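The values are calculated or read from the model by the stated rules, or taken from the named source; none is laboratory data. Remember, it's a predicted structure, so these values are computed and weren't measured experimentally. No Cβ is skipped: glycine too gets one built from the backbone with ideal geometry, and neighbour counts run over all protein chains shown.
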Amino acid sequence: MADFHHNFNLFFDEFGLQQQSSNGSESMTFRTPIGDGTFRRFVPRPDLNIVFSDLTFHGDFLMPLTARTPMVELHYCLQGTNAVHVERNQYEFVPGMCALQLIDEGKAQLEFTANQPYQVLSVGIPISTFNHYMEDFSGAKHLDFSSLLGQKSFRLFHESIHPAAAVIIRRLTQSVQTCGIKKLELECSVLELLLSAFQSFLFEPKLPKLSSIERQKIQQARDIMLERMADPPSLLELSRMIGINDNKLKIGFKELYGTTVFGYLREKRLEKACLLLQQGDLNVYETSLTVGYSNPSYFSEAFRNKYGVNPGNLRRCSF
């Protein structure tokens, strides 16, 4: 199970770093003509490898990368743009990007640009653990590593970092920097990130059996709700605006987006509020009004229930 850690060891070897800790958890600093930076590596259990990287290179740098054991890696690009070359394909990682990578045995090459700070959070698991997570409680397996990878040696899913994940990452980064994190907190937070990524990339329900016109109308309804987030129409008004009856709208929206119209709106309101608070231009009251909450207390309670932190505390941490 632990063989996949060797992939990370080979990565550290390219920087002239050798693993010092017997349990795999350690902080490593390098200063070379190539560049300088730090790696904080955590192994809270044998099938979980977590690395916080903070790097700057003095010149453009191409680094060979070898995977000797298939693995799955969740990659959060927090700062800096870099690329990975696999066979004849190039994949770019940009700030604010979440990437789920399925990696088979083989060689690749990382490309870094000079004088650009890179901050990355990487979470690696072996394929045995990944396949275990793809099973339901009956033992049925709907997806596995081999079927997703097919004949390729590398597959990448990517999207913008979800606001809920951004909150977890920010909390983890601050805790790691102050060395004030327990194994339980680290492991639970990382599993939550994995779940979020799997749900987004792998577990999302397939498109419902709606006609293309019905699907377009329901997508139009979603767009209207997002545009009028602070003052949304009623369900009946919305159905009239898009030209289908309210019952069809309710059923179709649930099938297409996995939740109710106003359940979806609630989630998007809180996601936008999270981004606004992290930007720091608005206070909590102004943010609540902007996303459609007239009662700041109700907004704070909803925000705390979703993200596990008070909106005021999040805003203060953003400065």
Would you mention how many residues in the range 102-119 are closer than 22 Å to Thr69 by Cβ and crowded, with 20+ Cβ neighbours inside 10 Å? 2
Looking at the range 121-143, which of its residues are more than 29 Å from Ser25 (Cβ to Cβ), not in a strand (DSSP E or B) and not aliphatic (A, V, I, L, M)? Asp136, Phe137, Ser138, Gly139, His142
Under the condition of being over 19 Å from Ile168 (Cβ atoms) and of a type in the set (Phe, Trp, Tyr), which residue from the range 263-319 is nearest to the chain's Cα centre (by Cα)? Tyr264
Under the condition of being among the hydroxyl-bearing types (Ser, Thr, Tyr) and at pLDDT 90 or above, which residue from the range 41-80 is nearest to the chain's Cα centre (by Cα)? Tyr76
Does the range 237-269 hold any residues that are touching a Phe, Trp or Tyr at 6+ places or on another chain (Cβ under 6 Å) and under 22 Å from Gly308 (Cα atoms), and which are they? Tyr264
Within the range 40-50, can one find any residue that is free of Cβ contacts under 8 Å to residues at least 40 places away in the same chain and farther than 26 Å from Lys152 by Cβ? yes
Screening Pro95, Pro64, Pro33 for residues that are under 26 Å from Glu159 (Cα atoms), part of a loop (DSSP other than H, G, I, E, B) and out of contact with any Pro (no Cβ under 8 Å at 6 or more places or on another chain) leaves only Pro95
For the subset of the range 148-194 comprising residues that are in contact with a Gly (Cβ under 8 Å, 6 or more places away or on another chain) and outside any loop (DSSP other than H, G, I, E, B), which member is nearest to Gln90 (Cα to Cα)? Phe154
crowded, with 16+ Cβ neighbours inside 10 Å and closer than 30 Å to Pro44 by Cα: is that true of Ile244 in this structure? no
Looking at Cys77, Cys98, which is the one that is within 29 Å of His162 (Cα to Cα), in contact with a Cys (Cβ under 9 Å, 6 or more places away or on another chain), in contact (Cβ under 8 Å) with a residue 60 or more places away in the chain and assigned by TED's automatic domain parsing to the domain that holds Asn115? Cys98
Within the range 134-152, is even one residue assigned by TED's automatic domain parsing to the domain that holds Thr66, within 24 Å of Arg41 (Cα to Cα) and not hydrophobic (A, V, I, L, M, F, W, C)? no
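This table checks each residue for (1) without any contact (Cβ under 8 Å) to a residue 40 or more places away in the chain; (2) within 17 Å of Gln216 (Cβ to Cβ).
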{"position": "Ile244", "(1), (2)": "yes, yes"}
{"position": "Lys248", "(1), (2)": "yes, yes"}
{"position": "Leu277", "(1), (2)": "no, no"}
{"position": "Tyr285", "(1), (2)": "yes, no"}
Go through the range 36-58 and give me each residue that's touching a Phe, Trp or Tyr at 6+ places or on another chain (Cβ under 9 Å) and assigned to a loop (DSSP other than H, G, I, E, B). Asp47
